[in-house]
1. Could you look through the stretch 55-88, keep only residues that are among the small types (Gly, Ala, Ser) and touching a residue at least 40 places away in the same chain (Cβ under 8 Å), and pick out the one that is nearest to ALA19 (Cα to Cα)?
2. For a quick check of your reading of the model, give me the residue pairs whose first member lies in the stretch 5-34 and is in contact (Cβ under 8 Å) with a residue 12 or more places away in the chain, whose second is outside any strand (DSSP E or B) and among the charged types (D, E, K, R), with beta-carbon atoms closer than 7 Å and at least 6 apart or on different chains.
3. Is at least one residue of the stretch 48-59 at negative phi, of a type in the set (Ser, Thr, Tyr) and in contact with a Phe, Trp or Tyr (Cβ under 7 Å, 6 or more places away or on another chain)?
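Nothing in this text is a laboratory measurement; each read-out follows from the coordinates by a stated rule. These numbers come from a predicted model, not from an experiment. Methodologically, a virtual Cβ is constructed for each residue, glycine included, from the backbone with ideal geometry; neighbour enumeration extends over all protein chains shown.
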Amino acid sequence: GHSAEISDMAVSYENTLLAAGSCDKFVRVWCLRTCAPVAVLLGHSASITSIQFSPARKGITRYLTSTGADGTICFWQWHLNTMKFKDRPVKFTERSRPG
């Protein structure tokens, strides 16, 4: 499990996965049917502030989005049938607002 407090949790739209983001900078994912760990995702250099699964759509590709206190947004791609996550996210850094 996590080594620091959990900051956000989300359940996939298919009700198959539970994801939790933490102040330890990790997103951890479990299978709801078996309670087995599915993935440990590290893409942020600071605490996770929010996580959300993308809405269900046609096809087998899905996304889990995480945001961090470091100003980054990570899009984690996963496969609906295998519940396997890609090792690296598509990552964006939020720009500072003027003023």
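1. My answer is SER66.
2. Filtered contacts from the stretch 5-34: THR16/ARG33; SER22/GLU5; CYS23/GLU5.
3. Looking only at the stretch 48-59, we keep the residues that are at negative phi, and these are 48-58.
Add one more test, that the residue is of a type in the set (Ser, Thr, Tyr), and what stays is 49-50, 54.
Next cut, in contact with a Phe, Trp or Tyr (Cβ under 7 Å, 6 or more places away or on another chain) only: 54.
Yes, there is a match, as at least one residue in the stretch 48-59 is at negative phi, of a type in the set (Ser, Thr, Tyr) and in contact with a Phe, Trp or Tyr (Cβ under 7 Å, 6 or more places away or on another chain).
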